[in-house]
Amino acid sequence: MPSWIQPPFQRKVDPAPGAADGIMVKGSRRHEMTLRLYRDDPLLLEFDARVEAVEGKGPHWRVILDRTAFYPEGGGQPADHGSLDAIPVIDVQEEGDRVLHFTTAPLTKGRTVRGQVNATRRRDFMQQHTGQHIISASFWKESSLVTQSVHMGENETTIDLGASEIAENLLERVTRRVDAVIAADMPMSAVEAAPEELPRFTLRKPPPVASVVRLVRIGDFDCVGCCGLHLSSTGPVRLALCTGWERIRGQVRTHWQIGDRAVAYLEERLRILGDLRKHLATRDKELAESVRRLQEGNTDLRGRVGLLERRLAEFLFRDMLAATETVAETKMVTRILDNEPLNVEKSLVKALLAADNCAFALVNHLPDRLSWTLGVPPGISMNFQEMKALHLDPLGIRGGGRPPLWQGSAPASIEAECLQKTLSNILKVTLK
Ligand SMILES: [Zn+2]
């Protein structure tokens, strides 16, 4: 028996099960090809069953058993995973009155096998499903909002409501109500009822089918038609946190962390808060103010850095123009920059392009590579592809462009001086 079935997660007997309420429990399940053990005992995780059929072929076989505790995907709840005689069951689907177990290896027809349902996954989705009932009922009770659809994902559960807006304090009121229902550890029960018996129940939502329906009740708090699996009481849901909401296709979608996930979600945020507290050397209550001050300071710093970068680019530009050589009546500038910021490099290129009758070759020595730029004045043409094939490709230097500018990068293994000399030679050949 898995540890989570032990108290406080043990079965809780509903003081008023269906029969005592005078509700006729239908026996339709007896005619099913696969007997669904999970309906009567959602806490059953190990069972023996006979293999009735094996269909398909690898990599995924479809195994049909005479009985199963595996819950097939349905009602918004994902399928159980687990194993049959240690062969992994990776999906379970319903097909008519049969339950198909998708396995990664075949099983022998007629054999008795031991089925094992993955307890962690089952517990998780039972928490999601039970939590969803409590949340949907709370939205209904607080604001008559009807749940339109539910998605229980691997990371979160979303509940879509028939509304285009959510009142400001509604989420708070719903959360308080959900907390109270979880804390009260209300018993949950399921009964089957025929259409003529439905008026006996206060249903949150009329069932969509006109046949026997399975009703799931949370004490006297909620009653609704559902075929999924639930915990035997609300306490083991532990916690439900609304992490946000958004408008999607004219509806409101609410996002939830439920059960053990919600506890893990809070624990992770506590760790993040601890880290922030350490880095900002402040108390929890002052974190937001500290971050605001940091942002303000950052904006101020960005402004100052921008100003300094512009000044540096102007200085470097003047310095370069003072040290040009002339090749065939064109000024030529070549320079190795020592890890200058991208903004400085850009400003320099812009200024050099605008300078009168100036060709240039720049190499910026960055920590992980060299970046290079070649520029020529208007009227000068360069066969870059030929130059590249001749001088750059052999060294593994990449780049491209079109007149009047070509740019690229070279691996850090190449000496900056070597690259500068190569680019300088390309310019000289071009200008002559
Ligand atoms: Zn349900």
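The values are calculated or read from the model by the stated rules, or taken from the named source; none is laboratory data. Please read these numbers as outputs of a predicted model, since none were measured by experiment. Cβ coordinates were reconstructed from backbone atoms using ideal geometry, including for glycine residues, and neighbour counts include every protein chain displayed. We work out accessible area using only protein heavy atoms, side chains counted, and drop any ligands, DNA or RNA first. Shrake-Rupley method; radii C 1.70, N 1.55, O 1.52, S 1.80 Å.
Stokes-Einstein diffusion coefficient for region 19-117 at 25 °C in a medium of 0.890 mPa s, Rh from the Kirkwood formula over Cα pairs: what value in µm²/s?
Here the translational diffusion coefficient equals 177 µm²/s.
Only Lys, Arg, Asp and Glu count, each charged at its Cβ (+1, +1, -1, -1), so figure out the dipole size of the chain about its Cα centre, rounded to 20 debye.
Result for the chain is approximately 280 debye, rounded to the nearest 20.
Please report the relative contact order for the chain, taking Cα pairs under 8 Å with a sequence separation of at least 6, and give it as a percent rounded to a whole number.
Numbers: 750 pairs, mean separation 45.6, N = 432.
With pairs under 8 Å counted, the relative contact order is 11 percent.
Taking a 18 Å limit on the Cα-Cα distance, which of the listed pairs K350/K388; K57/K109; K350/K421; K350/K428; K350/K432; K388/K421 fall beyond it?
Working: K350/K388 23 Å; K57/K109 14 Å; K350/K421 22 Å; K350/K428 21 Å; K350/K432 24 Å; K388/K421 14 Å.
Over 18 Å Cα-Cα: K350/K388; K350/K421; K350/K428; K350/K432.
Roughly how tilted is helix 416-431, in degrees to the nearest 10 and between 0 and 90, from the longest Cα axis of the chain?
The angle comes out at about 60 degrees.
Could you compute how fast the chain diffuses translationally, taking Rh as the Kirkwood radius over C-alpha pairs and applying Stokes-Einstein at 20 °C with viscosity 1.002 mPa s? Give it in µm² per second.
76
Could you report region 123-270's accessible area per residue, 1.4 Å probe, as an integer in Å²? Working shown, then result.
On the way: 6430 Å² over 148 residues.
About 43 Å² of surface per residue is accessible.
Under 20 °C and 1.002 mPa s, how fast does region 352-432 diffuse according to Stokes-Einstein, given a Kirkwood radius computed over C-alpha pairs? Answer in µm²/s, whole number.
169
Using the Karplus curve 6.51 cos²θ - 1.76 cosθ + 1.60 with θ = phi - 60°, what ³J(HN,Hα) values do you get for each residue of region 85-92, in whole Hz, with x for Gly and Pro?
6, 6, 8, x, 9, 9, 6, 9
What is the helix-to-structure angle for 342-354, meaning the angle in degrees between its Cα long axis and the longest Cα principal axis of the chain, kept from 0 to 90 and rounded to the nearest 10?
So the inclination is approximately 40 degrees.
GNM on the chain, C-alpha springs below 10 Å: top fluctuator among A281, A190, A240?
A281
At 1.4 Å probe size, with the rest of the protein present, what percent of the exposed accessible area of region 245-310 is carbon and sulfur atoms?
After summing per-atom areas, the C and S share lands at 55 percent.
Quick check: Cα centre of region 306-352 to Cα centre of region 170-219, how many Å?
75
Could you grab the relative contact order for region 123-270? Cα pairs under 8 Å, six or more apart, rounded to a whole percent.
30
Working from the alpha-carbon coordinates of region 275-399, get Rg over Rh, Rh being the Kirkwood radius. Don't jump to the answer; show the numbers that get you there.
Numbers: Rg = 21.2 Å, Rh = 17.8 Å.
Expressed as Rg/Rh, it is 1.19.
Projected onto the charge dipole of the chain (+1 at Lys/Arg Cβ, -1 at Asp/Glu Cβ, origin at the Cα centre), which of L266, L316, P377 gives the Cα projection farthest towards the positive end?
P377
Can you return the aspartates and glutamates within cross-link range of K346? Criterion is Cα-Cα under 19 Å, with same-chain partners fewer than 8 residues away left out.
Correct list for K346: E309, E314, D319, D338, D356, D368.
Report ³J(HN,Hα) in whole Hz for each residue of region 265-274, in order, from the Karplus equation J = 6.51 cos²θ - 1.76 cosθ + 1.60 where θ = phi - 60°; Gly and Pro get x.
Result, ordered by residue: 4, 5, 4, 5, 5, 5, 4, 4, 4, x Hz.
Dipole of the chain (Lys/Arg Cβ +1, Asp/Glu Cβ -1, origin at the Cα centre): which of N357, L43, G408 lies farthest to the positive side?
Final value for the positive-end residue is N357.
Tally up the carbon and sulfur contribution to the accessible surface of region 318-431 as a whole percent, 1.4 Å probe, everything protein left in place. Don't jump to the answer; show the numbers that get you there.
Details: 2900 of 5910 Å².
Of all accessible area on region 318-431, carbon and sulfur atoms account for 49 percent.
In Å and whole numbers, how far do the C-alpha atoms of region 123-270 stretch along each principal axis, longest first?
51, 33, 25
Angle check, please: helix 287-321 long axis (alpha carbons) against the longest principal axis of the chain (alpha carbons), in degrees 0 to 90, nearest 10.
20
Taking the Cβ of A210 as the center, what net charge do the other residues with Cβ under 13 Å away carry, scoring Lys and Arg +1 and Asp and Glu -1?
With Lys, Arg at +1 and Asp, Glu at -1, the neighbours total -2.
Whole-Hz Karplus ³J(HN,Hα) for region 121-135, in order, using 6.51 cos²θ - 1.76 cosθ + 1.60 and θ = phi - 60°, x for Gly and Pro?
5, 4, 4, 4, 6, 5, 5, 4, 5, 5, x, 4, 4, 5, 5
Of the accessible area of region 102-198, with the probe set at 1.4 angstrom, what percent is carbon plus sulfur? Could the numbers behind the result be given before it?
Working: 1970 of 4130 Å².
Ligands and nucleic acids excluded, carbon and sulfur reach 48 percent.
So what is the 222 nm mean residue ellipticity for the chain from helices alone, if each DSSP H run of at least 4 adds -39500 (n - 2.57) and you divide by all residues, rounding to the nearest 500 deg cm²/dmol? Write down the numbers at each step before the final one.
Values: 8 runs with 132 residues, N = 432.
So the helix-based figure for the chain works out to -10000 deg cm²/dmol.
What are the residues whose amide H is under 5 Å from the amide H of L370, where those residues sit 5 or more places off or on another chain and H is modelled from the backbone?
Amide H to amide H, under 5 Å and 5 or more residues apart or across chains, L370 pairs with A410, A412.
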